[in-house]
Amino acid sequence: MSKDKYILVIADDSKEMNVALQYACSRSKKTNRKIIIATFIEPLDVLTTKGVTEIMQNEAREEAEKRLQGAALIVKESTGFIPILQVREGEIMKELKKLIDEEKNINVLVLAANVDDDGKSPGPIINSLVTKEFSDFRIPVMIVPGNFSKDHITLIT
């Protein structure tokens with residue numbers, strides 16, 4: 001990786017991901033940082049034949065690639081930069097920590113909090129960061145409310 005500074009965003013299936021991505025793009029333009037988009041493929045926990053497992057793994061990888069490509073398009077249109085894309089296989093929090101430890105030029109992780117009506121959890125990654133041993137990241141974690149509009153993001157960045 002180059003000497004550029006990077007903002008890390010996680011591409012997942014949450015509706016808040018787009019808010020985190022928009023916020024990261026806005027910060028990228030203001031701070032001249034590039035963006036890394038990561039997605040994670042969790043291990044399959046099924047008892048089945050090898051062939052079926054391979055099919056399921058391939059489908060999971062295809063879905064991960066689609067998420068990354070969609071997020072990359074948003075970054076390219078918003079910033080003019082092509083982001084670095086990362087697909088990691090394994091337990092999300094362990095792989096996230098490993099990615100941050102390996103890529104020394106990542107200097108912030110941007111997440112958006114869950115805004116569902118139940119209000120019980122800000123999201124699984126944020127919950128893990130604040131309640132478990134994963135709070136020892138070497139970088140700050142920016143948590144933006146998941147209900148921010150593009151206009152609001154522009155206003156605060």
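The trypsin sites (Lys or Arg not before Pro) of segment 58-157 that meet both conditions, a loop assignment by DSSP and at most 16 other Cβ atoms within 10 Å of the site Cβ, are Lys104, Lys120, Lys132, Arg138.
For the chain, the 222 nm mean residue ellipticity estimated from helices alone, with every DSSP H stretch of n ≥ 4 adding -39500 (n - 2.57) and the total spread over all residues, rounds to -14500 deg cm²/dmol.
Projected onto their three principal axes, the Cα atoms of the chain cover extents of 52, 38, 28 Å, largest first.
By definition, a body whose alpha carbon gyration tensor gives a ≥ b ≥ c is oblate when a/c is 1.5 or more and a/b is not larger than b/c, and segment 50-97 fits this oblate description.
Any chance you could tell me what percent of the C-alpha pair distances in segment 75-127 go past 14 Å? So the pairs more than 14 Å apart make up 69 percent of the total in segment 75-127.
A short reminder: the numbers here are calculations on the coordinates, not readings from a lab. In this text the structure is predicted, and so the values were computed from the model without any measurement. A quick note on method: Cβ atoms are made from the backbone with ideal geometry, for glycine too, and the neighbour counts reach across all protein chains shown.
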